[in-house]
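**Student:** Structure below; questions to follow.
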Amino acid sequence: MKKTILAACVAIIAACQGCSNTPAQPQSIVPLYSELASFAVIDSARAVGIMRTDSLSIRAMTQVLGADSAVTYPELVAWSHSLPVTIFTPAVDSIFPSLLPVEQALGGILQNAAQHDMQLPPRTYTAVVWGNRHSIVFNEPVMLIALNHYLGAEYPGYAHWPSYARLDKKPERLPYDMAEALTANKYPFEKTKAYTTLSRLLYEGALIYAKTKLVPQASLAEALGYSPEQLEWCEKNQPEIWQKLVAADLLYDTDESTAERLVAPAPNTGVISTYTPGRLGRFIGYRIVCEYLDNERSLAIPELLSPTFYDNPDILKLSRYSGE
């Protein structure tokens, strides 16, 4: 277990090294998960102080969990005894004995986002644990990061999840998920009258490209949610994948479900074949985006994530992408 924790921390710390020579400043994260867990053992005066100091974070979390009004001290004491808190907090403390590596990673992501002119709004960043199925949620101006979603693929609490989903639960994946969440929140996909499956693939490819630029020393495999072996398979079989997409007339399909089957997490991309990795549409979209940037012209991340780019019917031709 100690080796696993050390490896996870090293991976997250590596992700915080900036692209420039200027070290990224850690971005403060409110440790709400540990503060609320302590409500069961601290005196009421200290608890009220925490409630006052972190009221914005508390309100953001409780609203996401369904509270209609401001929660009271007794309600937070009850929360400190709840199943998510009692089960997940010790596990989170074992994997994340300090939030500093996560704060450094987030600081690096935000610094790189500024360098790429993404103009992300100022926020409060808050670490929580909960039973919510989402790992990162925005309740502006707060970004809630559920650390209990990053306890490692072998964590017993994930045993009921399918194996492909458990692979996304590694602590090493957290910087990539933060980068994607921040990017997609600022530049969400817009379905226009020009929508096709290719539009969605280009948008998803641009998201992957953004992650490789925002998470310093990024691994393309991790950005795609793949193992190194899966990425190698995709690279080797890229011509066949592309030929199947074209032959099946999928690129210009206007049914949203077609694109979803190509980009959503799944054990395989069944629309292509049952032996492929899931989310192959993201891999193909990323390759088209990179070919466009290499062969046509450079675009900033905000431009790549605009309908002007991903709905442009000429992008594929201009990219000269052929699956090779």
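**Student:** For the stretch 288-320, how many residues are more than 23 Å from the chain's Cα centre (by Cα) and either not aromatic (Phe, Trp, Tyr) or not assigned by TED's automatic domain parsing to the domain that holds LYS213 (or both)?
**Tutor:** First, the residues of the stretch 288-320 that are more than 23 Å from the chain's Cα centre (by Cα): 291-298, 308, 311-320.
Of the ones still in play, those that are also either not aromatic (Phe, Trp, Tyr) or not assigned by TED's automatic domain parsing to the domain that holds LYS213 (or both) are 291, 293-298, 308, 311-320.
Looking only at that region, the number is 18.
So that you can scan it fast, the table gives a plain yes or no per residue for (1) under 24 Å from PHE138 (Cα atoms); (2) assigned by TED's automatic domain parsing to the domain that holds LEU305; (3) in contact (Cβ under 8 Å) with a residue 60 or more places away in the chain:
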site: THR183; (1), (2), (3): yes, no, yes
site: LEU207; (1), (2), (3): yes, yes, yes
site: PRO216; (1), (2), (3): yes, yes, yes
site: TYR226; (1), (2), (3): no, yes, no
site: LEU231; (1), (2), (3): no, yes, no
site: LEU245; (1), (2), (3): no, yes, no
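**Student:** Also: Take ILE50 and decide whether it is surrounded by 15 or more Cβ atoms within 10 Å (Cβ to Cβ), in the same structural domain as PRO141 (by TED's automatic domain parsing), out of contact with any helix residue (DSSP H, G or I) (no Cβ under 6 Å at 6 or more places or on another chain) and assigned to a helix (DSSP H, G or I). Even if it seems obvious, please write down each step before you answer.
**Tutor:** Values: surrounded by 15 or more Cβ atoms within 10 Å (Cβ to Cβ): yes; in the same structural domain as PRO141 (by TED's automatic domain parsing): yes; out of contact with any helix residue (DSSP H, G or I) (no Cβ under 6 Å at 6 or more places or on another chain): no; assigned to a helix (DSSP H, G or I): yes.
So ILE50 fails the test.
**Student:** In the list TYR203, TYR164, which residue meets the criterion of being assigned by TED's automatic domain parsing to the domain that holds ALA24 and part of a helix (DSSP H, G or I)? Walk me through it before giving the result.
**Tutor:** On the way: TYR203 fails: assigned by TED's automatic domain parsing to the domain that holds ALA24.
Answer to the selection: TYR164.
**Student:** More than 18 Å from TYR158 (Cβ to Cβ), surrounded by fewer than 17 Cβ atoms within 10 Å (Cβ to Cβ) and modelled with pLDDT of 95 or more: does that describe ASP117? Give the derivation first.
**Tutor:** Numbers: more than 18 Å from TYR158 (Cβ to Cβ): yes; surrounded by fewer than 17 Cβ atoms within 10 Å (Cβ to Cβ): yes; modelled with pLDDT of 95 or more: yes.
When the stated conditions are applied, ASP117 passes them.
**Student:** Looking at GLU260, GLU296, GLU303, which is the one that is of a type in the set (Asp, Glu), farther than 23 Å from GLU172 by Cα and modelled with pLDDT under 95? Don't jump to the end; show me each part of the working.
**Tutor:** Values: GLU260 fails: modelled with pLDDT under 95; GLU303 fails: modelled with pLDDT under 95.
Every option except GLU296 fails the conditions.
**Student:** When you scan the stretch 251-283, how many residues do you find that are of a type in the set (A, V, I, L, M, F, W, C) and assigned to a helix (DSSP H, G or I)?
**Tutor:** So in the stretch 251-283, the residues of a type in the set (A, V, I, L, M, F, W, C) come out as 251, 259, 262-264, 266, 271-272, 280, 283.
Narrowing further to those that are assigned to a helix (DSSP H, G or I): 259, 262-263, 280, 283.
The total comes to 5.
**Student:** Report, by residue number, each residue of the stretch 159-176 that is without any contact (Cβ under 8 Å) to a residue 60 or more places away in the chain and surrounded by fewer than 19 Cβ atoms within 10 Å (Cβ to Cβ).
**Tutor:** Answer for the stretch 159-176, where residues must be without any contact (Cβ under 8 Å) to a residue 60 or more places away in the chain and surrounded by fewer than 19 Cβ atoms within 10 Å (Cβ to Cβ): ALA159, HIS160, TRP161, ARG166.
**Student:** Anything in the stretch 230-251 that is among the polar types (S, T, N, Q) and under 20 Å from PRO265 (Cβ atoms)? List them, or say none. Write out each step before concluding.
**Tutor:** First, pick out the residues of the stretch 230-251 that are among the polar types (S, T, N, Q): 230, 237-238, 243.
Within the stretch 230-251, GLN230, ASN237 qualify.
**Student:** Go through GLU235, GLU291 for me and flag whichever is assigned to a helix (DSSP H, G or I) and buried (at least 18 other Cβ atoms within 10 Å of the Cβ).
**Tutor:** Working: GLU235 fails: buried (at least 18 other Cβ atoms within 10 Å of the Cβ).
GLU291 is the lone residue from the list that is assigned to a helix (DSSP H, G or I) and buried (at least 18 other Cβ atoms within 10 Å of the Cβ).
**Student:** OK, next. Can you tell which of TYR321, TYR286 is surrounded by 18 or more Cβ atoms within 10 Å (Cβ to Cβ), in a helix (DSSP H, G or I) and at pLDDT 95 or above?
**Tutor:** Numbers: TYR321 fails: in a helix (DSSP H, G or I).
Sole residue among the options that is surrounded by 18 or more Cβ atoms within 10 Å (Cβ to Cβ), in a helix (DSSP H, G or I) and at pLDDT 95 or above: TYR286.
**Student:** Counting just the residues of the stretch 134-146 that are under 15 Å from LEU174 (Cα atoms) and of a type outside the set (A, V, I, L, M), which one comes out surrounded by the fewest Cβ atoms within 10 Å (Cβ to Cβ)?
**Tutor:** At the first step, the residues of the stretch 134-146 found to be under 15 Å from LEU174 (Cα atoms) are 134-137, 143-146.
With the extra rule that they be of a type outside the set (A, V, I, L, M), the set shrinks to 134-135.
Numbers: HIS134: 11, SER135: 20.
That would be HIS134.
**Student:** May I pose another question? Whether any residue in the stretch 185-200 is within 21 Å of PRO121 (Cα to Cα), of a type in the set (Asp, Glu) and surrounded by 16 or more Cβ atoms within 10 Å (Cβ to Cβ) is what I want to check. Full working, then the answer.
**Tutor:** Step one: of the stretch 185-200, the residues within 21 Å of PRO121 (Cα to Cα) are 185-190.
Next, only the ones that are of a type in the set (Asp, Glu) stay: 190.
Of the ones still in play, those that are also surrounded by 16 or more Cβ atoms within 10 Å (Cβ to Cβ) are none.
Within the stretch 185-200 (the criterion being within 21 Å of PRO121 (Cα to Cα), of a type in the set (Asp, Glu) and surrounded by 16 or more Cβ atoms within 10 Å (Cβ to Cβ)), the answer is no, since none of the residues qualifies.
The values are calculated or read from the model by the stated rules, or taken from the named source; none is laboratory data. Everything numeric in this text was worked out from a predicted model, so none of it was measured. Cβ sites come from the backbone with ideal geometry, for glycine too, and all protein chains shown count toward neighbours.
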